[in-house]
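Heads up, the thing below is written out as structure tokens.
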Amino acid sequence: MKKRFYITTPIYYPSANAHIGHAYCTTMCDILARYKRMRGVETYFLTGTDEHGEKIQKNAEAKGVSPQQFVDEIANNFQNLWKAMKISNDDFIRTTQDRHVKVVQDVFSKLYQNGDIYLGRYEGWYCTPCESFWTDTQVGEEHLCPDCHRPVHKASEESYFFKTQKYLPNLLEIMDKNPKFILPINRKNEMMNTFIKPGLDDLCVSRTSFDWGVQIRENPKHVIYVWMDALTNYISALGYDSDNPEKFKKFWEDPDCEIVHIVGADISRFHVIYWPMFLMGLGLRVPDRVFVHGLLDLNGEKMSKSRGNVVSPLPLIDKYGVDTVRWFLAREFSFGSDGRFSPELFVERINVDLANNYGNLINRTSAMINKYFDGVVPELKNPSQKEKDLQFLTEKVIKNYENLMDDLKVTEALSEATELLNAANKYIEESQPWVLSKEGKIEELGNVMAVLTNSIIVGTKLLSPALVESSEKVFDQFGLPKELRSYESVYKFCPYTGLKVSKGNPLFPRLDPKIETEYIASLAAK
Ligand code: ME8
């Protein structure tokens with residue numbers, strides 16, 4: 001594991017408020033960032049908003065406000081949502097900030113002076129919602145955007161172009177030598193077959209038909225293409241090309257920092273093809289991994305702001321608590337594959353994993369420790385095979401969990417951690433503590449309580465990057481002192497003798513499927 005970790009979300013368009021899809025990506029990044037910090041890795045987690053471009057300018061005009069006023073309000077809403085979701089980002093970059101604008105202009109100038117950029121004329125198609133250029137073949141006879149399937153419009157304007165062929169051999173070599181550069185690995189074939197093999201055109205990197213963007217210093221009637229502007233955020237936020245490049249040195253230049261971009265499948269080509277090429281032109285290192293996550297739909301329909309069928313995470317958080325929403329997002333959809341949001345799936349996931357499995361284990365264990373041992377965790381003495389088996393399983397789960405998380409397999413890692421909780425619930429059924437109590441087998445009964453406490457605390461630590469509020473509550477309920485809250489203590493078995501456990505209130509009450517699915521469906525309909 002490298003000493004440092006730099007993780008980024010896409011910077012979202014503040015063209016409308018965030019929906020559950022944005023919350024999904026940001027939550028997954030947050031879980032990885034929290035996991036790395038928990039493991040003692042120096043971590044920097046960046047998110048932000050991508051505020052320029054034709055789409056924003058048009059939306060602002062339609063609302064009758066200036067583009068800056070328009071983005072200020074929505075960028076603020078994004079930041080409030082991340083607070084409500086307990087997102088632990090270290091910075092929030094906005095592309096209209098001076099610290100960013102200057103860097104974008106410098107980047108353009110450097111690439112221009114290098115001979116990587118030349119002036120020409122763009123004749124082709126443009127999709128404003130995706131801010132993407134397309135060729136005749138790509139838009140087909142119906143002139144629809146291959147990504148979002150909305151109509152494209154013809155663009156014909158003087159433009160600057162970036163020479164992609166210059167860096168293509170280098171990019172192909174990186175993709176070849178580093179099989180984990182694009183993850184999951186099947187995404188690499190998609191990139192090769194859809195974009196690279198058919199022939200990569202030079203990329204148009206400026207626009208003249210509107211002005212809401214970063215001006216090119218050398219030719220101010222042009223604004224820099226919003227994707228070149230946006231991608232630069234990953235280095236401008238670290239202080240690249242500024243008077244204070246400390247963070248850039250630590251989190252980009254230092255080879256002992258792992259750089260990971262997490263992006264949705266809709267925007268992978270910008271991150272996998274053009275961004276590394278810009279970096280090569282600047283003489284900078286390319287990211288270690290670009291992880292492409294799947295897109296969520298709503299009851300089988302593509303979620304989109306313009307269709308108005310989006311779910312906002314806020315009312316869900318208000319009603320069910322932040323951890324249930326984080327858990328659902330992290331656990332329901334395998335990270336890397338597409339997924340479906342539906343009210344039924346939400347309720348079922350919370351009931352099965354949090355109410356029945358995790359919550360129930362905590363309730364039963366804390367009640368039994370109180371009933372049989374006055375709330376004090378007993379010592380593990382002369383463990384039987386059953387306890388040894390659970391110890392072996394705990395060690396295996398921890399190891400698998402760490403490997404999966406380090407491989408960015410967040411869903412699988414969390415699922416692995418729940419194996420420990422399943423096993424603990426099963427262990428209660430098998431060891432029948434109520435019978436041990438009746439038969440006066442106090443030492444055996446004590447062992448069961450000690451091992452259950454260990455399973456709950458270890459399980460809670462492994463889940464804590466996702467369950468940020470409830471994990472603290474569980475540690476409080478089990479009277480965990482500060483020194484035992486560190487991650488390192490998961491490697492010891494049953495070091496919790498003598499802790500005072502309170503009965504506590506159920507952390508995750510069971511949701512009534514009928515009532516709650518109707519409520520959530522009404523939110524989506526709104
Ligand atoms: O593309 N399911 O911004 P954007 C899952 N500004 N994730 C989703 C989603 C869905 N239905 N909808 C959106 C942009 N996302 C650019 C990025 S980066 C230098 C510039 C998430 O507001 C997903 O991560 O359209 C997707 O890639 C991103 O939001 C796109 O956000």
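Summed over the range 34-58, residues that are more than 13 Å from the ligand (Cβ to nearest atom), under 22 Å from Pro465 (Cβ atoms) and either in contact (Cβ under 8 Å) with a residue 60 or more places away in the chain or surrounded by fewer than 23 Cβ atoms within 10 Å (Cβ to Cβ) (or both) total 11. Only one of Arg269, Arg285 is assigned by TED's automatic domain parsing to the domain that holds Asp30, within 12 Å of the ligand (Cβ to nearest atom) and touching a helix residue (DSSP H, G or I) at 6+ places or on another chain (Cβ under 8 Å); which? That would be Arg269, the only listed residue that is assigned by TED's automatic domain parsing to the domain that holds Asp30, within 12 Å of the ligand (Cβ to nearest atom) and touching a helix residue (DSSP H, G or I) at 6+ places or on another chain (Cβ under 8 Å).
Of all residues in the range 229-257, those that are more than 30 Å from Glu131 (Cα to Cα) and touching a residue at least 60 places away in the same chain (Cβ under 8 Å) have Cβ atoms under 7 Å from Cβ atoms of residues that are more than 16 Å from the ligand (Cβ to nearest atom) and in a helix (DSSP H, G or I), 6 or more apart or on another chain, in Cys257/Lys250; Cys257/Phe251. Would a scan of the range 325-344 turn up a residue that is more than 30 Å from Ile182 (Cα to Cα) and buried (at least 22 other Cβ atoms within 10 Å of the Cβ)? No; the residues of the range 325-344 include none that is more than 30 Å from Ile182 (Cα to Cα) and buried (at least 22 other Cβ atoms within 10 Å of the Cβ). Applying the condition of being away from the ligand (no atom under 14 Å from the Cβ) and part of a strand (DSSP E or B) to the range 1-33 and asking which residue is surrounded by the fewest Cβ atoms within 10 Å (Cβ to Cβ) yields Arg4.
The criterion of at least 2 residues that are under 28 Å from the mean Cα position of the chain (by Cα) is met, among helices (runs of 4 or more DSSP H) falling completely within the range 369-451, by 385-406, 410-431. The condition (being touching a residue at least 60 places away in the same chain (Cβ under 8 Å) and basic (Lys, Arg)) is satisfied by just one residue among Lys110, Lys154, Lys163: Lys110. Taking the criterion of being under 20 Å from Thr49 (Cα atoms), open to solvent by 40 Å² or more (accessible area, probe 1.4 Å) and part of a loop (DSSP other than H, G, I, E, B), the residues of the range 191-245 that qualify are Asp211, Trp212. Scanning the range 452-509 for residues being of a type in the set (Gly, Ala, Ser), part of a loop (DSSP other than H, G, I, E, B), in the same structural domain as Thr365 (by TED's automatic domain parsing) and crowded, with 16+ Cβ neighbours inside 10 Å gives a total of 3.
Yes or no, residue by residue, for (1) at negative phi; (2) in the same structural domain as Tyr122 (by TED's automatic domain parsing); (3) within 16 Å of the ligand (Cβ to nearest atom); (4) not aromatic (Phe, Trp, Tyr):
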{"position": "Lys177", "(1), (2), (3), (4)": "yes, yes, no, yes"}
{"position": "Lys180", "(1), (2), (3), (4)": "yes, yes, no, yes"}
{"position": "Leu203", "(1), (2), (3), (4)": "yes, yes, yes, yes"}
{"position": "Arg217", "(1), (2), (3), (4)": "yes, yes, no, yes"}
{"position": "Lys221", "(1), (2), (3), (4)": "yes, yes, no, yes"}
{"position": "Ala237", "(1), (2), (3), (4)": "yes, yes, yes, yes"}
{"position": "Asn244", "(1), (2), (3), (4)": "yes, yes, no, yes"}
{"position": "Phe251", "(1), (2), (3), (4)": "yes, yes, no, no"}
{"position": "Asp256", "(1), (2), (3), (4)": "yes, yes, no, yes"}
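The values are calculated or read from the model by the stated rules, or taken from the named source; none is laboratory data. The shown structure was predicted, so the numbers you read here are calculated from the model rather than taken from an experiment. Glycine gets a Cβ as well: all are built from the backbone with ideal geometry, and neighbour counts include every protein chain shown. In case anyone asks, the SASA skips ligands and DNA or RNA and just uses the protein heavy atoms, side chains included. Shrake-Rupley method; radii C 1.70, N 1.55, O 1.52, S 1.80 Å.
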